1. Taking G62 as meeting all but one of (1) modelled with pLDDT of 50 or more; (2) farther than 26 Å from S198 by Cα; (3) of a type in the set (G, A, S), write down the number of the exception.
2. Determine the pairs where a residue that is within 14 Å of D122 (Cα to Cα), located within the stretch 80-109, has a partner that is β-branched (V, I, T) and assigned to a loop (DSSP other than H, G, I, E, B) with Cβ atoms under 8 Å apart, the partner being 6 or more residues away or on another chain.
3. When you look at E334, is it assigned by TED's automatic domain parsing to the domain that holds D245, modelled with pLDDT of 95 or more, crowded, with 18+ Cβ neighbours inside 10 Å and out of contact with any Cys (no Cβ under 9 Å at 6 or more places or on another chain), yes or no?
4. Does A246 satisfy being in a loop (DSSP other than H, G, I, E, B) and either modelled with pLDDT under 90 or within 30 Å of G294 (Cα to Cα) (or both)?
5. Do we have V171 as modelled with pLDDT under 95, within 23 Å of T55 (Cα to Cα), in the same structural domain as A64 (by TED's automatic domain parsing) and of a type in the set (V, I, T) here?
6. Can you pull out the residues in the stretch 42-85 that are closer than 21 Å to G252 by Cβ, of a type in the set (D, E) and touching an Asp or Glu at 6+ places or on another chain (Cβ under 7 Å)?
7. In this structure, is E295 acidic (D, E), assigned to a strand (DSSP E or B) and outside the structural domain of H178 (by TED's automatic domain parsing)?
8. For V153, are the conditions met, namely being more than 27 Å from the chain's Cα centre (by Cα), outside any helix (DSSP H, G or I) and not charged (D, E, K, R)?
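The values are calculated or read from the model by the stated rules, or taken from the named source; none is laboratory data. This structure is a prediction, so every number in the text was calculated from the model and none was measured. In this analysis, Cβ positions are derived from the backbone assuming ideal geometry, glycine residues included, and neighbour counts consider all displayed protein chains.
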Amino acid sequence: MLLRRSYALVVLLALGLSACTQEPPVGVAEADLTAAERRVRLTQIRDAAAARGLTNGVLLAGIAQNETGLAHCWSEATWACQGPNSVDCGGGPVIAGAGDGPCADMQGGLGMFQFDAGTYADTLAREGDRILTIAGNVEAAIDFCIAMVVRSVYIDGVDTPEQALAWMNSVVVGGAGHMEWIQTVTHYYNGCTPTGCSVYDTRFMHYSDGLHTVYDEMGAEFWSGAMAPTCEAIPAEGRVIDDTDACVLLGGDLRYWRTATDAGYGGSLRWTNAIDATGPSNYAVWTLRFAEAGEHELVVHTASPYAESHMAPYRITHAGGGTDVAIDQAAAEEHSLGTFHFEAGTDYQVHLGDDSGKPVADMIGIVCDALEIVPVAPPMPDAAMTSSPDAGMGPAPDAYVPPGVDGGTWMRPNNSASCGCRVGARAAPWNALGVVGLALAVAARRRRRAVRQ
């Protein structure tokens with residue numbers, strides 16, 4: 001297998017590397033990933049690529065599909081060898097290539113993109129520990145692909161990394177640049193040349209089919225840009241915005257956002273470590289855009305063992321301004337941030353930072369998972385009170401008072417935004433169908449447990 005090299009070694013690449021010394025096996029790598037887990041992985045590839053300026057992340061995803069079936073952890077493809085341990089694998093081993101001799105020799109490629117410089121130790125010495133994380137593995141793949149595009153004999157007019165990146169962003173799956181990209185991948189990534197490998201034609205179609213597979217699986221809109229698909233408006237009955245939703249943005253250095261697929265709402269969550277700073281380094285933002293105005297309770301999901309912070313800082317923008325809430329993520333798996341009023345047609349946000357005040361060395365996990373938006377019906381008049389002597393004398397103490405009416409506020413007087421605790425039953429949504437839908441969604445989520453090491 002051709003040795004994967006980072007862009008730092010572009011000079012060595014330019015000097016030339018031998019084609020495949022042994023012909024690579026023909027076939028598609030298989031991974032034990034569900035459709036939801038594949039979406040998580042493809043989203044990670046797309047977003048990590050976009051952070052480096054590669055908005056056409058599907059090109060990388062096609063390679064990963066062929067190399068490992070999108071698997072990064074050994075637990076996702078147990079037919080392979082076990083590589084070094086990774087935090088992105090719950091402390092377990094990354095996938096390692098099984099075609100370079102016995103697993104005990106520790107000579108296979110590492111991670112989703114199968115970087116290989118000889119032994120595991122050789123590969124880590126050359127590429128660094130970054131390739132053990134998903135974001136780092138993608139980053140190293142971008143470096144390598146930029147270098148191979150610069151060198152490729154199939155691509156004209158590309159002499160610099162900037163030109164290579166621009167060319168990659170211009171490739172259309174099944175259209176302009178597709179053939180040249182697959183020729184380049186087959187030759188320089190796989191090491192199989194038109195004259196050096198008897199399986200070149202099969203290998204060429206193997207990579208082409210893999211690219212089409214991931215492109216068709218997610219659709220053109222998903223791959224069209226870093227934030228595709230479009231963030232959808234929240235309907236009157238509310239909805240759940242999960243961690244892979246287009247309405248969720250992960251900010252900061254993506255290498256420090258980890259993904260767990262053994263816990264969380266819908267089978268996945270993102271987590272990072274707390275820091276002791278005056279502002280966030282990594283952060284998550286849920287964008288809230290409402291189709292209709294109204295009051296909504298905001299409920300965040302967290303899951304053990306990843307949720308460890310006792311002071312996870314949230315900031316909510318709403319029609320009344322902004323509200324800061326700190327919650328104990330480790331205390332429960334659902335937490336109310338409070339009930340707020342939102343207007344239609346305005347973008348609001350729920351912001352979660354990693355700046356909870358704990359040192360990085362303490363390794364305190366902060367989780368970004370699903371956010372439930374639950375509509376709260378306004379209080380109904382009490383029929384028994386309509387004929388009372390006090391009828392018409394003003395609202396009851398707990399009643400919702402619109403702004404501008406006797407000093408009313410956008411938040412109900414008894415909302416729990418100040419403590420971030422779930423207290424009592426959630427207020428009823430606007431209709432019974434909303435209750436049933438939300439109940440089914442909660443009942444359907446998977447909460448698989450694994451101890452993070």
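1. Condition (2) is where G62 drops out.
2. Pairs that qualify, where the first residue is within 14 Å of D122 (Cα to Cα) and the partner is β-branched (V, I, T) and assigned to a loop (DSSP other than H, G, I, E, B), are D105/T119; M106/T119; Q107/T119.
3. It is false that E334 is assigned by TED's automatic domain parsing to the domain that holds D245, modelled with pLDDT of 95 or more, crowded, with 18+ Cβ neighbours inside 10 Å and out of contact with any Cys (no Cβ under 9 Å at 6 or more places or on another chain).
4. Yes; evaluated as a whole, the condition is true for this residue.
5. Criteria met by V171.
6. Across the stretch 42-85, there are no qualifying residues.
7. Answer is yes for this residue.
8. Answer is yes for this residue.
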